[in-house]
C-alpha cells in the first residue's frame, strides 16, 4: 500500500512540475519563447533578464501553484493512511517529483529549468524555519556576490542540513532533502563552469 501511494503521489507531482511558468508567461504575454532568448533557460532569472519585471509575477504564480498543489496533496494522502508523522515525508517526496518534472519535463523534451522556484516554494510547506534559513542564505549570497546561481546552490544546502539539525523526521526525510538539494545543484552544472571561469553573469535589478 505504501509504495502504491508513493506512485499515486509521484505521477501527478511530476506532471504538474512540468508546467513551466516562464514558458507560459513568455508565450502568452510576449508571443515569444523564453528558451530562445538570453541563456535559453526557462526560469524566472532568465525571464527577468530578457523581459524585465512585467510578467515576472505570473511566472512566480504559476510555478508556486503547480508546486503547492501536489506537495499538499502528498502530505494529506500519507496523513490519511499513516497519520501525522508521515505528512512531512509525503510533502517532501511529492516536492522532489515536482522538481524532477520542472527540471526534466516530458512535455518539453525533458529540457526544463533549474528547479529554484520549485525548491523555494517546497521549503515553506516543509517547515518555516527551513525556509527562512534557506532563503536567508540565498539572499545574503546574492546581495553579496550578485550571482543568483551561487545563492541558489548554497541556499538549498540548508535544506538537508536544517532537516537534520532540527530533527525533522528521520533518515528517509534527510535522504529526500539531500536528493532535492543535489538535483538543484546538478542542474546548475553550466553555471558552476562559468563561475569557475569568471564568466557567470551577475544579476541586476535593471534590465539591459
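Just so it is clear, none of the values below were taken in a lab; they were calculated from the coordinates. All figures in this text were calculated on a predicted structure; none of them were measured in a lab. All Cβ positions, even for glycine, are placed from backbone atoms using ideal geometry, and neighbour counts span all protein chains on display.
Overview of results
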{"read-out": "Distance-filtered residues of region 74-103 - backbone nitrogen under 19 Å, label point 7 angstrom along residue 8 Cα→Cβ", "value": "74-98"}
{"read-out": "Theoretical gain in end-to-end length, residue 30 to residue 186 [0.36 nm per residue, Cα-Cα removed]", "value": "53.1 nm"}
{"read-out": "Where only alpha carbons of region 152-197 are counted, the Rg and the Dmax (Å)", "value": "12.3, 40"}
{"read-out": "Stretchable slack from residue 172 to residue 82, in nm (0.36 nm times residue separation minus alpha-carbon distance)", "value": "30.9 nm"}
{"read-out": "Distance between region 4-68 and region 149-185 - C-alpha centres, whole angstrom", "value": "23"}
{"read-out": "Rg/Rh for region 75-197, where both radii come from Cα atoms and Rh is the Kirkwood radius", "value": "1.00"}
{"read-out": "Ordering of 148-161, 37-50, 89-102, 171-184 by burial proxy (mean other Cβ atoms within 10 Å per residue, highest first)", "value": "89-102, 148-161, 37-50, 171-184"}
{"read-out": "Debye-sum result for the chain in log10 I(q)/I(0), which assumes one identical scatterer on each alpha carbon, at q = 0.14, 0.16 Å⁻¹", "value": "-0.80, -1.03"}
